[in-house]
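Computed from the coordinates by the stated procedures, all read-outs in this text should not be read as laboratory data. Predicted, not measured: the structure shown is a model, and the values here were computed from it. Backbone-built Cβ (ideal geometry, glycine too); neighbour counts: all protein chains shown.
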Amino acid sequence: MTTTGKVYLVGAGPGDPKLITLRGVECIREADVILYDRLANPKLLEHARVGAEFIDVGKKPDGHFPQENTNALLVELAQQGKIVTRLKGGDPFVFGRGGEEAMVLAEHGIAFEVVPGITAGIAAPAYAGIPVTHRMLSSSFAVVAGHECPQKEQSSINWEKIATAVDTLAFYLGVKNLPQICEQLVRHGRDPQTPVAIIHWGTMPEQKTVTGTLSTIVEIARREEIANPSIILVGDVVKVREQIRWFD
């Protein structure tokens, strides 16, 4: 089926509305309809043209717009000939389900463009004064799901290998599973004294960062009432924070 519509899968960046790309802003301005997430800063909608339609398809802890419904809506709107911008927090292909949406669009023959965004696993630590790589401290960096799809029969995280294979680990939205994350890392060889930082609402005015070690961070996070959205960063690079913290 030939369609005249198009879908832009746009990364909105980590929270600060100024960190979206120029191409991302162009796609917002061009759109007839914008489907946006909870983690995409609503201020970005101010770039939209007059008359554009906004649809909240965000996923929230207490209920959300099902992904299958989002997929169907993207197809339906594009087949109506509309220009659709799917605005996602961070990067659409880094835990943003952009890959799933792109596959559905391809299956229906709908034209689409992927617009990368700055992912929180890099940006939140940067705003907390923590470089994810450092010549003396970290030559490798990995992003890991802090919570996995509940429909999966078993975890796809190979804890035995990832615990010690990478210098710096960034876990996305893993505060609820923080005890299990720390336990798995220590059980599979990571030093309990490895520094850990948790950055809540990174790059935003309400950003809050707490630090500890794999053996202490669970209690610290509980005491400080840290919740998602947060990035959990594990590695010696956390030590740099006290020297170069600049934002908070």
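Only alpha carbons enter this Debye calculation for the chain, each as an equal point scatterer, and the log10 of I(q)/I(0) it gives at q = 0.17 Å⁻¹ is -1.21.
Each Lys or Arg adds one and each Asp or Glu subtracts one; over the other residues with Cβ under 9 Å from the Cβ of residue 9, this totals 0. Here the calculated FRET efficiency for residue 158 and residue 216, from their Cβ-Cβ distance with R0 = 30 Å, stands at 0.70, rounded to the nearest 0.05. One Cα centroid belongs to the stretch 199-248, the other to the stretch 76-139; the line between them spans 23 Å. Over the stretch 118-248, the ratio between the Cα radius of gyration and 2.2 N^0.38 Å evaluates to 0.97.
Cross-link pairs exceeding 19 Å in C-alpha to C-alpha distance, out of 43/88; 6/43; 18/239, comprise 6/43; 18/239.
Each other residue within a Cβ distance under 14 Å of residue 78 adds +1 if Lys or Arg and -1 if Asp or Glu, for a net charge of -4.
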